[in-house]
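Just below is one structure, and these are the notes that go with it.
The values are calculated or read from the model by the stated rules, or taken from the named source; none is laboratory data. Small disclaimer: the values here were computed from a predicted structure and weren't measured. Note that we place each Cβ from the backbone using ideal geometry, even for glycine, and neighbour counts take in every protein chain shown.
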Amino acid sequence: MDNSDKIKTPFDRVAYFVELDHKHRGKQHVFVSFKTMTNDIKKIGIPDFRSGAVFQQMVDDMEIVSNVSDLKTGRVDQGNIEFWPYNYSNKNQKNVPGADDKKFDFGDQCANGQDYGSMQVHNYKAKQTVFAINCWKAGQKADLGIGNCKKSNRGGTDWTFKGNAKNHNSAKLRVLIRPSQ
């Protein structure tokens, strides 16, 4: 449900709460918040073509809470996001420290064409994907994950090409804001 039309107040922080109920691993969740990357309420959800959202940037003052044991939690001074509705390659276009040009990870390159889609939040200093929702148009073949993908089809950690949505009983994304203080 999209309630963004009801939001009239400016905001200074955005949060994402992702819940996955994996058929074999059970329920996983992550809550991540950071200083907002935009003041446009229509651009903080799934970055589809209609929203026009394209963000490939560092974000400040990140807070991570999760029940995924190998995901680093707590405060992180800076992380990064890769949000767009387009295809992408594994080239580290923005020179994110520690990213690998040979793998899909926390430093990729938006291709501004086609429609694969990336909604990824990363703790690049820990070399971790906090969560990823990729290729959402594919439905049951979308890529979903919290933490790093350990068995990637192409050696990456950001769930690209995993096509694993069918392995979940349910998946939920909640997008929250904090009114400006």
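Return a yes/no flag: does region 84-100 have any residue that is touching a residue at least 40 places away in the same chain (Cβ under 8 Å) and of a type in the set (A, V, I, L, M, F, W, C). No, the conditions are met nowhere in region 84-100. Going by the structure shown, is F106 closer than 15 Å to Y16 by Cα, modelled with pLDDT of 95 or more, of a type in the set (F, W, Y) and surrounded by 23 or more Cβ atoms within 10 Å (Cβ to Cβ)? Spelling it out, it is not the case that F106 is closer than 15 Å to Y16 by Cα, modelled with pLDDT of 95 or more, of a type in the set (F, W, Y) and surrounded by 23 or more Cβ atoms within 10 Å (Cβ to Cβ).
To keep it simple, each residue is scored yes or no on (1) in a loop (DSSP other than H, G, I, E, B); (2) acidic (D, E); (3) out of contact with any strand residue (DSSP E or B) (no Cβ under 7 Å at 6 or more places or on another chain); (4) at positive phi.
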position	(1), (2), (3), (4)
E63	no, yes, no, no
D70	yes, yes, yes, no
V96	yes, no, no, no
D115	yes, yes, yes, no
Q120	no, no, no, no
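Regarding region 139-147, can at least one residue be identified that is of a type in the set (A, V, I, L, M, F, W, C), under 17 Å from the mean Cα position of the chain (by Cα), over 18 Å from Q56 (Cα atoms) and part of a loop (DSSP other than H, G, I, E, B)? Scanning region 139-147 turns up at least one residue that is of a type in the set (A, V, I, L, M, F, W, C), under 17 Å from the mean Cα position of the chain (by Cα), over 18 Å from Q56 (Cα atoms) and part of a loop (DSSP other than H, G, I, E, B).
Filtered by the rule that a residue be modelled with pLDDT under 95 and either surrounded by 22 or more Cβ atoms within 10 Å (Cβ to Cβ) or touching an Asp or Glu at 6+ places or on another chain (Cβ under 6 Å) (or both), region 109-136 gives no residues. Scanning region 137-181 for residues that are of a type in the set (D, E, K, R) and buried (at least 17 other Cβ atoms within 10 Å of the Cβ) yields D143, D158, K162. Taken over region 28-48, residues that are hydrophobic (A, V, I, L, M, F, W, C) and either assigned to a helix (DSSP H, G or I) or over 22 Å from I146 (Cβ atoms) (or both) amount to 1. Scanning region 1-27 for residues that are outside any loop (DSSP other than H, G, I, E, B), surrounded by fewer than 16 Cβ atoms within 10 Å (Cβ to Cβ) and either out of contact with any Asp or Glu (no Cβ under 8 Å at 6 or more places or on another chain) or polar (S, T, N, Q) (or both) gives S4, D5, K6, D12, D21, G26. Reported count of residues in region 38-52, each being over 13 Å from the mean Cα position of the chain (by Cα), surrounded by 11 or more Cβ atoms within 10 Å (Cβ to Cβ) and at negative phi, is 9.
Is it the case that N153 is at pLDDT below 95, in a loop (DSSP other than H, G, I, E, B) and within 27 Å of S170 (Cβ to Cβ)? Steps first, please.
Details: at pLDDT below 95: yes; in a loop (DSSP other than H, G, I, E, B): yes; within 27 Å of S170 (Cβ to Cβ): yes.
Yes: the conditions hold for N153.
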